[in-house]
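Enquirer: Quick one: structure below, then a few questions.
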Amino acid sequence: MINLVQVHDANQLAETAADHLFSLITTRNRFNLGCATGTTPVSAYKALAKRVRGRALDHVFCFNLDEYVGMSKTDPRSFAAYIQAHVLDPLGISPTHARLWQGDAPDPVAECQAYEAAIRKQGGIDCQILGLGLNGHIAFNEPGTPEDSRSHVIQLTTSTLEQNAMYLAGGAPPTHALTIGIATIMAAREIVILVSGIKKTSALDRLCNGSISSAFPASFLRHHPRVTLIADQAAING
Ligand code: F6R
């Protein structure tokens, strides 16, 4: 079930998401947080860090959604570098409390199996943060990805590469990514999806009202029992 929380603008979206995440994280004594990358959650992480300041988050363990194949954690374009800069450093979470995708793993398929095993070993994801792709992707589950998919290697679509182009300057663009699957996302106990801006209006409408199918992977979220969708007016009304 999707609980839609309507907010005024991107700023209120960040504050609302941070309040929600802060209350989840601080009311448990063990918390596995699935972190999204991308533009939308950046301000939410910043707002969360303000609330967390001075508190030890030793009980929090982080995963990330995806990574470009071939990209090492030291590459500033990598999602691992993003998580370090926007999540781990500001929240004071030690890298030993995170399992991030290893984009340059020698065997990407084995890395997918190892990633799933790490999530299982940690006890599953308590809250998965997501953004919404213009073509309906969640993580890098592009259109056509089945609902029962687990972590896998995927070929990136032109739409997704264009959407992420600003983060990919300074090197050859990747062609493939490692991503948690739709079933991996759906196994999270709670999902928080953040949608902001006029560019997302049509995708948001399909997420909430379109047919549920792999043609628009985010539509599968309507099968999940606990989804909080925080969307601003620009995304809702265009
Ligand atoms: C990020 C990810 C993507 C983004 C989506 C929205 O880890 O997997 O699914 O969440 O592309 O990105 P933004 O927030 O940049 O619009």
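The values are calculated or read from the model by the stated rules, or taken from the named source; none is laboratory data. It should be emphasised that the depicted structure is a prediction, and the values quoted were computed from it without experimental measurement. As a convention, Cβ positions derive from the backbone with ideal geometry for all residues, glycine included, and neighbour counts pool all protein chains shown.
Listed here are the residues, each with its yes/no results for (1) among the hydroxyl-bearing types (Ser, Thr, Tyr); (2) more than 29 Å from residue 32 (Cβ to Cβ).
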| site | (1), (2) |
| --- | --- |
| 174 | no, no |
| 196 | yes, no |
| 208 | no, no |
| 211 | yes, yes |
| 215 | no, yes |
| 220 | no, no |
| 231 | no, no |
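Enquirer: Determine which single condition residue 83 fails, assuming it passes every other condition in (1) in contact (Cβ under 8 Å) with a residue 24 or more places away in the chain; (2) of a type in the set (Val, Ile, Thr); (3) not in a helix (DSSP H, G or I).
Expert: The one condition residue 83 does not meet is (3).
Enquirer: Another question about this same structure. Anything in the range 57-80 that is touching a residue at least 40 places away in the same chain (Cβ under 8 Å) and among the charged types (D, E, K, R)? List them, or say none.
Expert: Across the range 57-80, the qualifying residues are 66, 67, 75, 77.
Enquirer: Just the residues that are buried (at least 17 other Cβ atoms within 10 Å of the Cβ), assigned to a helix (DSSP H, G or I) and near the ligand (Cβ under 10 Å from one of its atoms), please, taken from the range 186-214.
Expert: Scanning the range 186-214 gives 200, 203.
Enquirer: Checking residue 103 against (1) within 16 Å of the ligand (Cβ to nearest atom); (2) buried (at least 19 other Cβ atoms within 10 Å of the Cβ); (3) not in a loop (DSSP other than H, G, I, E, B): exactly one of these is not met. Which one?
Expert: Condition not satisfied by residue 103: (3).
Enquirer: Please enumerate the residues belonging to the range 107-117 that are under 15 Å from residue 176 (Cα atoms), part of a helix (DSSP H, G or I) and acidic (Asp, Glu).
Expert: Passing the criteria: only 111.
Enquirer: With (1) modelled with pLDDT of 95 or more; (2) in contact with a Gly (Cβ under 9 Å, 6 or more places away or on another chain) as the list, and residue 183 as the residue in question, which single condition is left unmet?
Expert: Single failed check for residue 183: (2).
Enquirer: Does residue 94 satisfy being of a type in the set (S, T, N, Q) and more than 15 Å from the ligand (Cβ to nearest atom)?
Expert: Answer is yes for this residue.
Enquirer: If you don't mind, another one. Just a yes or no: is a residue in the range 51-68 in a helix (DSSP H, G or I) and either surrounded by fewer than 19 Cβ atoms within 10 Å (Cβ to Cβ) or away from the ligand (no atom under 12 Å from the Cβ) (or both)?
Expert: Yes, the range 51-68 contains at least one residue that is in a helix (DSSP H, G or I) and either surrounded by fewer than 19 Cβ atoms within 10 Å (Cβ to Cβ) or away from the ligand (no atom under 12 Å from the Cβ) (or both).
Enquirer: Identify the single condition in (1) surrounded by fewer than 24 Cβ atoms within 10 Å (Cβ to Cβ); (2) in contact (Cβ under 8 Å) with a residue 60 or more places away in the chain; (3) touching a Pro at 6+ places or on another chain (Cβ under 9 Å) that residue 46 does not satisfy, given that it satisfies every other one.
Expert: It fails just one condition, (2).
Enquirer: (1) free of Cβ contacts under 8 Å to residues at least 24 places away in the same chain; (2) within 15 Å of the ligand (Cβ to nearest atom); (3) over 29 Å from residue 153 (Cβ atoms); (4) not acidic (Asp, Glu): which one isn't true of residue 27, the others all being true?
Expert: (2)
Enquirer: Output the residues belonging to the range 17-36 that are farther than 16 Å from residue 61 by Cα and within 17 Å of the chain's Cα centre (by Cα).
Expert: Listed by number, the residues that qualify are 17, 18, 20.
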